[in-house]
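A short worksheet on the structure shown next.
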Amino acid sequence: QHSEQHHGSSCSLIKVFPCPAEQCSHRLRMGQSSASQSSGAVPNAAAVEEAKEKVNAMSVKELKIYLGKNMVDSSSCVEKADLVNLALKVAEKAPLAAGPVPPPKPPKGEFLCCFDFLLPKNAPDWYVRKLGGRSGASGDCHERPAPSGSLFALGHVSLAVPDGPLARAFYETGLGFNMSSHSSANEIRLNAGPSQLWLHVKEGQEADRWPGEIRVWVDNIQTTYDLMAVTDGSLGTKLVSEYGRGVNGGEFSIMIIDPFLKTFFQMTEAPTGRKESIQNIGGESSSWKSNVIAISDLSIKCRNRSETQLLAEFYKHFFGAAITIEQYSCMVHFSPGRELHQTLTFKEDPSIPPATNLGSFCFYLVSKQALHLAFVKCAAAGIVESPSTWEEAERSLEFVLKGMIDPSSGKILLPLRNIVRCAGHLDCLVFA
C-alpha cells in the first residue's frame, strides 16, 4: 500500500523505470542515484582502463542501458561504434559505473513508484504485470483480440520503386523481409505473415510513399538492429532515424526510412509467444524462418482531427468496419485471427506533405456477400475505379476504389487507391 508516509518530502529521490502498478499516483522525481552520491570514490587510471575494457565488451543493448544509467541521450547514435565512443567518454568521467549493467533509461516524464524496488532483479514481464495489477504488457490494443465487426485482414501495401536491386538490399537484407515465391523481376513481393509488401519496379519514376508509418512486428529487434547496421554500412547510408521504446515487446523499437526517403517503418518486437500462433493464421511457409512476423498497423497522417474521424467513418459506412474514435486518432480494425489484431490508424498531423505518389493498399472482406454489398455502396457513390460491373468484380473477387471520401458530402479525403477483395481471392494468405 502506498501512502503519504512512504512518499514524504524527505524521501530519497531516484529516477527509474515506468511503474507497472498503474493504480499508484505517487511518483518519484528525477534525481541522482543514492549509490553514486554516497560513493565518494576518486577514479584512478586503473579503474578507467578497466571500465573501458568493460565498455568495449558490451553488446548494443548493454551500451544503451549503460548510457541510460548515466543520463546520456544515445538516440542520435546510428551504429554500434557511435555508442561505444559515447560510452568511452562516460567511462573516463565515471569509471565505477561501468560495472554491472543497470536498468535502461526511461523516456522523459515516466517514473517508478516504490513497488518496483521489491521486484527481483531480472523479473520476467508476466511476473511484473501480475504483481502490478496489469493484464497486458503495454496497454496497446494490438495485444488484445480485435473487436466484433472487424474487417477480415490487411492484404498488402503496394509501392512503386525506381531501383529494384537497391529496394531488395534494403527490404531483404536490412529490414529482414523474406521474398515471396510469386515475385518477378518487375514486382517484388515481400512476406510479413499473412500480409505482404508489393514493390513495383519502375525505373526512372519517382518512388511512391506511404502517407504515414508502417508498423512491423519482428521476432527479435536486436536482429533488425544488426541487419540495418550491415545495410547502412554497405550502402553508405543512415536510414535508421530514431530509437524508441518497445511498443509491444522488446527493449526498444526502431524507426527506419526507406533508401528512397519516402516511407517510414516502425520495427518492434511482437508480444511474447505470438510468432507460432501468427504463422498458423497464414503466410507462405518459406517466410517462417524470417525475423519479420507481421504488419500490425498502417498509420496515415491527416491534416486535422475532423479528417481522422471522417476517414474512419468511410470504412464503417461502406464496409461495416469496427472503428475506434479517440481524441487525436481513429482506428479501423482487422482480424485475420485471434492472435493478430491489425489496424489502419488515422493520426492528426498538420505538417503532412501533399497527397501525391501514394501507391495503394489491399484489404480483405470475409465473404463474397460482404464484397457484393460493399461494391453496390461504392458504385452508388461513384468511387469505383474498376471494374465497371459487379459481374466482373465477382469473377475476379476484387474491385478498386479511387480513394477515400466523406460519406456525407462525397468529397475526396485522400486519393489513396484501395483494392478490396474477399477471403476467397487467390492472393489471400490467410488460411481458411
For this session: Check whether at least one residue in segment 299-306 is part of a strand (DSSP E or B), open to solvent by 10 Å² or more (accessible area, probe 1.4 Å) and closer than 27 Å to T268 by Cα, and report yes or no.
Result: yes
Exercise. Does segment 51-61 contain at least one residue that is farther than 26 Å from G244 by Cα, at pLDDT 60 or above and open to solvent by less than 80 Å² (accessible area, probe 1.4 Å)?
Worked result: yes
Exercise. All but one of (1) open to solvent by less than 30 Å² (accessible area, probe 1.4 Å); (2) out of contact with any Ser or Thr (no Cβ under 6 Å at 6 or more places or on another chain); (3) more than 30 Å from I383 (Cα to Cα) hold for G236; which doesn't?
Worked result: (1)
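Conditions tested, residue by residue: (1) open to solvent by 20 Å² or more (accessible area, probe 1.4 Å); (2) among the aliphatic types (A, V, I, L, M); (3) modelled with pLDDT of 95 or more; (4) closer than 25 Å to S299 by Cβ.
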residue	(1), (2), (3), (4)
L365	no, yes, yes, yes
L371	no, yes, yes, no
E392	yes, no, yes, no
D406	yes, no, yes, yes
L416	no, yes, yes, yes
V420	no, yes, yes, yes
L426	yes, yes, no, no
For this session: Tell me which of these V384 doesn't satisfy, since it passes every other one: (1) in contact with a Cys (Cβ under 9 Å, 6 or more places away or on another chain); (2) open to solvent by 10 Å² or more (accessible area, probe 1.4 Å); (3) in contact (Cβ under 8 Å) with a residue 60 or more places away in the chain.
Result: (3)
Exercise. Can you name every residue in segment 190-214 that is open to solvent by 30 Å² or more (accessible area, probe 1.4 Å), out of contact with any Gly (no Cβ under 9 Å at 6 or more places or on another chain) and in a strand (DSSP E or B)?
Worked result: E213
Exercise. Within segment 221-232, can you find the residues that are polar (S, T, N, Q), touching a helix residue (DSSP H, G or I) at 6+ places or on another chain (Cβ under 9 Å) and open to solvent by 10 Å² or more (accessible area, probe 1.4 Å)?
Worked result: Q222
Problem set entry | Whichever residue in segment 397-420 is part of a loop (DSSP other than H, G, I, E, B) and hydrophobic (A, V, I, L, M, F, W, C) and, among such residues, is farthest from the chain's Cα centre (by Cα) | L397
Exercise. Does S299 count as under 18 Å from W217 (Cβ atoms) and at pLDDT below 95?
Worked result: no
Problem set entry | Candidate set: segment 244-274, residues that are open to solvent by less than 10 Å² (accessible area, probe 1.4 Å) and part of a strand (DSSP E or B); chosen: the one farthest from E62 (Cα to Cα) | F265
Exercise. Taking into account only those residues within segment 156-179 that are under 22 Å from I221 (Cα atoms) and of a type outside the set (A, V, I, L, M, F, W, C), which is surrounded by the fewest Cβ atoms within 10 Å (Cβ to Cβ)?
Worked result: T173
Exercise. Are any residues in segment 313-329 closer than 16 Å to Q342 by Cβ and either in a loop (DSSP other than H, G, I, E, B) or in contact with a Ser or Thr (Cβ under 8 Å, 6 or more places away or on another chain) (or both), and if so, which ones?
Worked result: A321, A322, S329
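The values are calculated or read from the model by the stated rules, or taken from the named source; none is laboratory data. Just so it is clear, the structure is predicted and the values come from calculations on it, not from any experiment. Please note: Cβ atoms are built from the backbone with ideal geometry, for glycine as well, and neighbour counts cover all protein chains shown. Keep in mind that these areas ignore ligands, DNA and RNA; they rest on the heavy atoms of the full protein, side chains included. Shrake-Rupley method; radii C 1.70, N 1.55, O 1.52, S 1.80 Å.
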